[in-house]
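What follows is a set of notes on a single structure, which appears directly below.
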Amino acid sequence: MIKINYNVDEIQWNKNFPYFKKYISKTVNETFNVIDVGITQNISITFFLTSNKKIKELNFKYRLEDKSTNVLSFPMQSTYNDDFILGDIALANQTLLKEAIELKMAKYDYLCKITIHGMLHLLGYDHKTEKQYKQMRKFENLIYNSVKLKL
């Protein structure tokens, strides 16, 4: 079973993405359908839905980058009370909306794409090298296309 927790720190999430739970949960579940992670325990993931200001603070604190970003992933991969805690994903409301407009993409489609990106980071994927980038993009596209068929 996959447990998804939501911590909504920015009131605008409910206004700008009123169906965020539906789209995030479908995306998380589809990520596990596409990528067999081999975890048999209950999996727990927490989403921190926040503002540009707060994600900028987190980005500086944990990555020493003094700018806002769309997503930050904090892998934990530890067991607690029979749950496998995969980690936390922080998403910035305003950045997601701005980038979706710039990319001429529906806001929920973009939310799904960025959720997939964050999930892959929790699962240990990265994009520091060209090889890693290509592998991660391949999985992102595979999962996204699968999510789109089910929404």
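The values are calculated or read from the model by the stated rules, or taken from the named source; none is laboratory data. Predicted model, so just to flag it, every value in this text is computed and none were measured. Because the Cβ atoms are built from the backbone with ideal geometry, glycine has one as well, and the counts that use them run over all protein chains shown.
Some notes on this structure:
- Checking each residue in the range 140-151 for being modelled with pLDDT of 90 or more and either surrounded by 12 or more Cβ atoms within 10 Å (Cβ to Cβ) or small (Gly, Ala, Ser) (or both) picks out GLU140, ASN141, LEU142, ILE143, TYR144, SER146, VAL147.
- Identity of the residue in the range 109-139, more than 13 Å from the chain's Cα centre (by Cα) and buried (at least 16 other Cβ atoms within 10 Å of the Cβ), that ends up nearest to ASN52 (Cα to Cα): HIS127
- Matching residues in the range 1-28 - criterion: being in a loop (DSSP other than H, G, I, E, B), surrounded by fewer than 19 Cβ atoms within 10 Å (Cβ to Cβ) and touching a Lys or Arg at 6+ places or on another chain (Cβ under 8 Å): ASP9
- Number of positions in the range 123-151 that are closer than 11 Å to THR31 by Cα, of a type in the set (A, V, I, L, M) and assigned to a helix (DSSP H, G or I): 3
- When LYS56, LYS22 are checked against the criterion of being closer than 17 Å to LYS113 by Cβ and either touching a Ser or Thr at 6+ places or on another chain (Cβ under 8 Å) or of a type in the set (Lys, Arg) (or both), a single residue qualifies: LYS22.
- Subset of the range 58-108 [among the acidic types (Asp, Glu), more than 26 Å from LYS22 (Cα to Cα) and surrounded by 14 or more Cβ atoms within 10 Å (Cβ to Cβ)]: none
- In the range 29-50 there is no residue that is at pLDDT 95 or above, touching a strand residue (DSSP E or B) at 6+ places or on another chain (Cβ under 9 Å) and outside any strand (DSSP E or B).
- Conditions (1) without any contact (Cβ under 8 Å) to a residue 24 or more places away in the chain; (2) surrounded by 14 or more Cβ atoms within 10 Å (Cβ to Cβ); (3) farther than 26 Å from GLN12 by Cα; number of the one not met by THR40: (2)
- Residues (part of a strand (DSSP E or B) and either more than 16 Å from ALA92 (Cα to Cα) or touching a Lys or Arg at 6+ places or on another chain (Cβ under 7 Å) (or both)) located in the range 51-81: PRO75, MET76, GLN77, SER78, THR79, TYR80
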